1. What are the pairs, 6+ residues apart or on separate chains, where a residue within the stretch 1-14 that is within 17 Å of Pro34 (Cβ to Cβ) has its Cβ under 7 Å from a residue that is surrounded by 20 or more Cβ atoms within 10 Å (Cβ to Cβ) and of a type in the set (D, E, K, R)?
2. Condition check: open to solvent by less than 60 Å² (accessible area, probe 1.4 Å) and acidic (Asp, Glu). Does Glu17 satisfy that?
3. Kindly indicate whether Ala81 is closer than 23 Å to Pro186 by Cα, touching a residue at least 12 places away in the same chain (Cβ under 8 Å) and crowded, with 24+ Cβ neighbours inside 10 Å.
4. Considering only helices (runs of 4 or more DSSP H) fully contained in the stretch 214-264, which possess at least 3 residues that are free of Cβ contacts under 8 Å to residues at least 12 places away in the same chain and either more than 17 Å from Leu170 (Cβ to Cβ) or under 22 Å from the mean Cα position of the chain (by Cα) (or both)?
5. Would you check if Arg168 is in contact with a Pro (Cβ under 9 Å, 6 or more places away or on another chain), surrounded by fewer than 19 Cβ atoms within 10 Å (Cβ to Cβ) and farther than 28 Å from Ala117 by Cβ?
6. Can you spot a residue in the stretch 26-49 that is under 19 Å from Leu123 (Cα atoms) and either open to solvent by less than 60 Å² (accessible area, probe 1.4 Å) or in contact with a Phe, Trp or Tyr (Cβ under 9 Å, 6 or more places away or on another chain) (or both)?
7. How many of the residues in the stretch 130-152 are surrounded by fewer than 21 Cβ atoms within 10 Å (Cβ to Cβ), touching a residue at least 40 places away in the same chain (Cβ under 8 Å) and outside any helix (DSSP H, G or I)?
8. Would you point out which residue out of Ala87, Ala117 is crowded, with 24+ Cβ neighbours inside 10 Å, in contact (Cβ under 8 Å) with a residue 12 or more places away in the chain and more than 17 Å from Gln9 (Cβ to Cβ)?
Amino acid sequence: MELRQQALQALCIADPEEKVAAARALAGQAALLPLAAVAPVAAADAVPGRPARPPLVHPARVPRRSPHKPEGLAALLHAIAHIEFNAINLALDAAWRWGGLPRRFHLDWLRVAAEEAHHFSLLQAQLASLGHAYGDFAAHDNLWAMCTRTQDDVLARMALVPRTLEARGLDATPQIQDKLRQVGTPAALRAVGILDIILRDEVGHVAIGNRWYRWLCEREGLDPVAHYPVLAQRHDAPRLHPPFNEAARRSAGFTEEELARLEP
């Protein structure tokens, strides 16, 4: 079976543990698989595969809990695990959906899917140590909503998912780690270590988004800096707010001009 078909099959898996295993296995063998020019067909109700729980609600309806309490710490880790589960789906979707791109594009996103799967597994194990599991808390669907809005435009997807929504994680993670250090419990400090791994890998994921966004802009004769706000307005991307992790964003390939434009 060829690469894009296998990526789609992994995307359609609903069980989190099975999806994790499939994403990691596919990344390991992807370099040897043939690559079809024609996209496999996906049933609209099969993408993405996800479990019946957690319940998906409006972001304003996701309860806020203090991480200083065990239940609140579990809820915070669950929220991050939900982001990572969605990130597996986002990477698999990028790997199967578009043709006419270099093989490296598909391999990059399968590597991302495998790393996101590893992050999800780390968080899932940490949740289990607190007596919880993925699905125990309500979550929202903002990440996948942007995936749906950009499903017909690979340039918009690269602009608005990895280098916008996922780049927000570069900004937010150090703040979350500071809060967990203030909690100071062994469980909270273990979570800080997990977030170190996630932040390190996410810099690379955002860099992949930046690289392919610029490659696509060059192919289409577009200025990547000038075209970004056009795409953000067209697809109703969220506005970004400080503080920004400029060091991580530089490492992920944002230019000084792009960083300057982040400031209000």
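The values are calculated or read from the model by the stated rules, or taken from the named source; none is laboratory data. The structure presented is a predicted model; accordingly, all values stated were derived computationally and were not measured. For neighbour counting, all protein chains shown are included, and Cβ atoms are generated from backbone atoms with ideal geometry for every residue, glycine included. Heads up: the accessible areas ignore ligands, DNA and RNA and are worked out on the full protein's heavy atoms, side chains in. Shrake-Rupley method; radii C 1.70, N 1.55, O 1.52, S 1.80 Å.
1. Within 7 Å, the pairs are Ala10/Lys19.
2. When the stated conditions are applied, Glu17 does not pass them.
3. So Ala81 fits the description; yes.
4. Numbers: elements: 224-234, 246-251, 256-262.
Filter on the stretch 214-264 gives 224-234.
5. On the way: in contact with a Pro (Cβ under 9 Å, 6 or more places away or on another chain): yes; surrounded by fewer than 19 Cβ atoms within 10 Å (Cβ to Cβ): yes; farther than 28 Å from Ala117 by Cβ: no.
Considered against the rule, which asks whether it is in contact with a Pro (Cβ under 9 Å, 6 or more places away or on another chain), surrounded by fewer than 19 Cβ atoms within 10 Å (Cβ to Cβ) and farther than 28 Å from Ala117 by Cβ, Arg168 comes out as no.
6. no
7. Residues that pass the stated criteria total 9.
8. Ala87
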